[in-house]
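Okay, structure first, notes after.
The values are calculated or read from the model by the stated rules, or taken from the named source; none is laboratory data. The model shown is predicted, which means the values in this text are computed figures rather than measured ones. Neighbour counts run over all protein chains shown; Cβ positions are idealised from the backbone, glycine included.
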Amino acid sequence: MVLKNMKLAVVFMFLLFGTANAFAADEGAATAKQVVEKFQADLIAVMKDGKKLGYAGRYEKLKDPVSNSHELTKIARIVVGKEWEKLSEEQQQKLVDVFSRLSIASYAHNFKDYSGESFVFDSEEETTRGGVVVHSHFVVPGDKPVKFDYMLKEKGTSWRIINIIANGVSDLALKRSEYTTILQREGFDALITKINEKIDNYSKQ
């Protein structure tokens with residue numbers, strides 16, 4: 001009887017890990033739509049516990065969802081444009097790190113509580129450069145919906161968000177205009193200081 005139970009346990013563990021590996025493989029090969037919808041679901045989940053978690057709790061909960069769905073290194077490169085090549089490797093890494101913290105901080109600040117909001121998928125389309133744009137909208141009870149267009153590029157076996165356009169306004173374009181100006185006029189250290197100030201402000205609001 002014990003032997004039989006052990007065999008059953010082994011079979012169960014095999015099935016369990018086999019299934020887990022299958023899910024991992026599926027996750028690794030997630031489509032652009034799946035990447036966006038997974039991130040949106042994680043965002044809504046954090047919003048539902050937003051008040052209880054507080055800013056610090058929301059930040060911690062959103063670290064992995066943001067990192068796993070956004071191509072933060074590429075975003076940082078795009079944001080500073082040609083200035084990227086003028087930076088040392090150490091500066092480049094420092095910029096990616098601080099920009100990653102800014103991205104997480106902005107989500108933790110802007111999606112702080114829940115009152116029935118939801119994301120609705122509209123459509124998706126391929127771009128001429130091999131990317132995908134996922135169109136969706138954010139339903140806000142008692143208010144106008146916010147249109148979100150997620151631009152994704154393929155990375156390895158999955159897709160990553162490289163830009164988000166909200167109601168026609170590109171987050172990437174806004175940051176690029178601001179950050180390249182600071183970098184050119186005031187230098188790298190000034191840019192890092194400005195971004196850290198923004199992160200600090202998000203944590204206090």
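(1) surrounded by fewer than 19 Cβ atoms within 10 Å (Cβ to Cβ); (2) part of a helix (DSSP H, G or I); (3) of a type in the set (Ser, Thr, Tyr): which one isn't true of Tyr59, the others all being true?
The one condition Tyr59 does not meet is (1).
Restricting attention to segment 162-190, which residues are free of Cβ contacts under 8 Å to residues at least 60 places away in the same chain and either among the aliphatic types (A, V, I, L, M) or buried (at least 17 other Cβ atoms within 10 Å of the Cβ) (or both)?
Ile164, Ile165, Ala166, Val169, Ala173, Leu174, Ile182, Ala190
Going by the structure shown, is Thr181 at pLDDT 95 or above and assigned to a helix (DSSP H, G or I)?
It is false that Thr181 is at pLDDT 95 or above and assigned to a helix (DSSP H, G or I).
When only residues in segment 114-139 that are part of a loop (DSSP other than H, G, I, E, B) and modelled with pLDDT of 95 or more count, which is surrounded by the fewest Cβ atoms within 10 Å (Cβ to Cβ)?
Checking each candidate, the answer is Gly116.
It is to be established whether one or more residues within segment 84-94 are assigned to a helix (DSSP H, G or I), in contact (Cβ under 8 Å) with a residue 24 or more places away in the chain and surrounded by 13 or more Cβ atoms within 10 Å (Cβ to Cβ). Give the derivation first.
To start, the set of residues in segment 84-94 that are assigned to a helix (DSSP H, G or I) comprises 84-86, 89-94.
Cutting the leftovers down to in contact (Cβ under 8 Å) with a residue 24 or more places away in the chain gives us 91, 94.
Checking the rest, the ones that are also surrounded by 13 or more Cβ atoms within 10 Å (Cβ to Cβ) come to 91, 94.
Yes, the conditions are met somewhere in segment 84-94.
Is it the case that Thr193 is at pLDDT 95 or above, surrounded by fewer than 17 Cβ atoms within 10 Å (Cβ to Cβ) and among the polar types (S, T, N, Q)?
Criteria met by Thr193.
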